[in-house]
1. Go ahead and collect, in residue order, the members of the range 87-131 whose backbone nitrogen is under 14 Å from a label point 7 Å along the Cα-Cβ direction of ILE69.
2. So, in nm, how far is label SER80 from label SER195 when the simple model puts each one 7 Å beyond its Cα toward the Cβ?
3. How much net charge surrounds SER51 when only the other residues with a Cβ under 11 Å from the Cβ of SER51 are counted, with Lys and Arg +1 and Asp and Glu -1?
4. With Cα extents along the principal axes in Å as the read-out, I listed (1) 91, 48, 32; (2) 65, 47, 31; (3) 46, 42, 31; which label goes with the value calculated from this structure?
5. On a 23 Å Cα-Cα criterion, which of the cross-link pairs LYS71/LYS180; LYS106/LYS129; LYS39/LYS81 come out too long?
6. Mean separation of Cα pairs under 8 Å and 6+ residues apart, divided by the residue count of the chain: what relative contact order is that in percent?
7. Once the other residues with Cβ under 14 Å from the Cβ of LEU139 are scored (Lys, Arg +1; Asp, Glu -1), what is the net sum?
8. Determine the sum of side-chain charges near GLN189: Lys and Arg each +1, Asp and Glu each -1, restricted to other residues whose C-beta is under 9 angstrom from that of GLN189.
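What follows draws every value from the coordinates through simple rules; no lab data is involved. Worth saying up front: this structure is predicted, and the values here are computed from it rather than measured. Counting neighbours? That spans all protein chains shown, and the Cβs are built from the backbone with ideal geometry, glycine included.
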Amino acid sequence: MADYTYLVNDLITATENTGTEFLAYVPNMINRAEERLVKDLDDYGLVTYTSVAVSINNNIVTLPIGTRIVKNFLVEASGSKINMLLRTDEFINDYWPVSASVGQPKYYAKRNATTILVAPTPSSTLDGKVVVVSRPTTLTSATNTNYFTDFCYDLLFYASMIEAALFQKDFQLAGLYEQKYGSLLTLQQNQARRSRRDDMQTPGSSAGGDTTLIPGSN
């Protein structure tokens, strides 16, 4: 199975470059490739479920470190799971203008990159669970595998080869690798869409939403 060491050797073999400067820069190439994949992919492999604290008298909830996108947020009250409804921060402030007032949380909104607002402000401490898109653990010699090496190594390889070609100032080759990367990205994204597709329905959002539309219904 492919891993970080395999990828490094693959890059060295493909570029036929064993220079000291190139080898020293390989981790940067891979890091940039991983970052690009996080932005390009819309894949359940980037989704994590994390418990968060929803504290009494506090309408601000801290998101897990590394959160890029919040997909869903729920709280547990009296043994039942309650899906919070996404709204804007303007809605939250209008709906619950006095944050010191308390009640059963019903809505949430992104506050900034690391926190969300809830309304009403919790009247008791609740267990929360947030579903987020985040970057997998970065590949290093100590962390030899992650989602990218396990499930989309070809995409990771060509994203890294683009960075390698740019490092070597071979812009024509970088363009060729860019085309190959784009073709593989389309296939990977199609696989992700298939994982969200219900029988007899087509995806309703090319941006990655879990909703679907019934053909001919509108």
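1. Residues 131 qualify, since their backbone N sits under 14 Å from the label point.
2. It works out to 3.2 nm between the two label points.
3. Charge balance near SER51 sits at -1.
4. Only one listed value fits the structure, namely (2).
5. Check vs 23 Å cut-off fails for LYS71/LYS180; LYS39/LYS81.
6. Here the relative contact order equals 25 percent.
7. Working: positive: ARG32, ARG36, ARG135; negative: ASP3, ASP10, GLU34, GLU35, ASP150, GLU163.
Taking every other residue near LEU139 into account, the sum is -3.
8. Neighbour charge sum, excluding GLN189 itself: -2.
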